[in-house]
Amino acid sequence: VSLKVYDVLGNEVSTLVNENLSAGVYNYDFNATGINSGVYFYKIEAVGINGNEFVDIKKMMLVK
């Protein structure tokens, strides 16, 4: 599982998760210290045991 944050130019800002995880629900804190307010995108990528791939990108607004 990989969970990364990107700015509007497509530059990677932060990697929150990059590890093997079992099925379930997980919570992670995003420490935005040193990152300006604005629009960012987060991308989650996962590969199941059966080889199915999941990729999703969502937009988020960071307001400090």
Once you list every other residue whose beta carbon is under 14 Å from the beta carbon of V55, what net charge do they have if Lys and Arg are +1 and Asp and Glu are -1? 0
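Please calculate how many Å² of accessible area the chain carries per residue, with a 1.4 Å probe and no DNA, RNA or ligand atoms counted.
Averaged over the residues of the chain, the accessible area is 78 Å².
So if I place +1 on the C-beta of Lys and Arg and -1 on the C-beta of Asp and Glu, and nothing else carries charge, what would the dipole magnitude of the chain be about its Cα centre? I want it in debye, nearest 20.
Working: 5 positive and 7 negative charges, 48 e Å.
Charge dipole of the chain: 240 debye, to the nearest 20.
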Under a plain spin-label model, where a point goes 7 Å from the Cα along Cα-to-Cβ, how far apart in nm are M61 and A46? 2.8
Most to least accessible of V1, V63 (protein chains only, probe 1.4 Å): V63, V1
Find which of A23, L62, Y42 sits farthest along the positive direction of the dipole of the range 11-64, computed with +1 on the beta-carbon of Lys and Arg, -1 on that of Asp and Glu, about the Cα centre. L62
So what does F54 come to for accessible area, using a 1.4 Å probe and Å² rounded to 10? 110
Take the solvent-accessible surface of the protein heavy atoms, probe 1.4 Å, and return the percent of it on the chain that carbon and sulfur atoms account for. 50
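The values are calculated or read from the model by the stated rules, or taken from the named source; none is laboratory data. Being a predicted model, the structure only gives us computed values, none of them experimental. Every residue, glycine among them, receives a Cβ derived from its backbone with ideal geometry; neighbour counts consider all protein chains shown. Protein only, heavy atoms only, side chains kept; ligands, DNA and RNA dropped before computing areas. Shrake-Rupley method; radii C 1.70, N 1.55, O 1.52, S 1.80 Å.
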